[in-house]
Amino acid sequence: EATLVKALEENGIGRPSTYAPIIATIQSRGYVVKEDKQLRPTELGQIVVDLLKEYFPKIIDVEFTAQMEEKLDKVEEGVYSWQEVVDDFYLPFQEDLLQAEREIAVIPIEEECSEEKCPKCGRNLKIKQGRYGKFLACPGFPECRYTKQFYEDAGVFCPRCGGRIVIRRSRRGRKFYGCINYPECDFTCWDEPAAKDCPECGRFLVYRGSGKKKLVCPDCGQTYQEEQLTEAEGVK
């Protein structure tokens, strides 16, 4: 986030009061996700950027955006009228928009088939991409309208109930890990689980630190280097 804010500042885009809303918007629309304190583009975000580059190159040009910011400042100072600035921008933009609507084809996103069955009709549920991320839906639509939230498997099991640990997102878009059986089981953790168990207590280890080389047991506090456990497994 800090790098993005710095880039916005250096290119004269936005103001300090708009930096947080900009970052919140690209996360809420599913264009980026926050992982390990970094913003990473999603498939949807990459598609949107490619379309903007092709059909609206001027709008996403850094210099154009900075010039618009300057014009808005001039409106505030009374040098320009807001009608003048809006007309200069909107009339050519409207032409680009109409052209894009005519030429842009619907971009198909390949649907993955899950192993989970629809509880209503028995078909294999498909993983679909929605505005707010992936979800599971019955391929029998419109006859069967069953849908449910999709969670990516983290590859480990819950230490409380034995259910699968899945990747979830907080309201702010931050990634965390929780039990698939929520709300019956409310186990969660912020650190990424490793597919390795603690030699001391048997609890799954989590990654901590940069580079994901340090493994820590949340229960007993033991710390390991990943190479240690890999070598130990090789000896076995």
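Inside segment 161-190, residues that are under 19 Å from Arg40 (Cβ atoms) and assigned to a loop (DSSP other than H, G, I, E, B) make up a count of 5.
Of the residues contained in segment 67-81, none is found to be under 30 Å from Asp191 (Cα atoms) and aromatic (Phe, Trp, Tyr). Taking the numbered list (1) over 26 Å from Val48 (Cβ atoms); (2) buried (at least 16 other Cβ atoms within 10 Å of the Cβ); (3) under 23 Å from the mean Cα position of the chain (by Cα) in turn, Ala137 passes all entries but (1).
Residues in segment 46-56 include at least one that is over 30 Å from Arg208 (Cα atoms) and touching a strand residue (DSSP E or B) at 6+ places or on another chain (Cβ under 8 Å). Figure legend. Inter-residue proximity from segment 149-171: first residues closer than 17 Å to Val206 by Cα and in contact (Cβ under 8 Å) with a residue 12 or more places away in the chain, second residues among the aromatic types (Phe, Trp, Tyr) and part of a loop (DSSP other than H, G, I, E, B), beta-carbon distance below 6 Å, spacing 6+ or different chains. Indicated pairs: Cys158/Phe187; Arg160/Phe187; Val166/Tyr151. Please verify whether Val166 is at pLDDT below 90, surrounded by 12 or more Cβ atoms within 10 Å (Cβ to Cβ), under 30 Å from Arg208 (Cα atoms) and not assigned by the TED database to the domain that holds Asp50, treating the condition exactly as stated. Judged against the criteria, Val166 is not a match. Once segment 143-160 is narrowed to residues that are at pLDDT 90 or above and part of a loop (DSSP other than H, G, I, E, B), the residue that is nearest to Cys179 (Cα to Cα) is Tyr146.
The values are calculated or read from the model by the stated rules, or taken from the named source; none is laboratory data. None of these values were measured; they are calculated from a predicted model. Backbone-built Cβ (ideal geometry, glycine too); neighbour counts: all protein chains shown.
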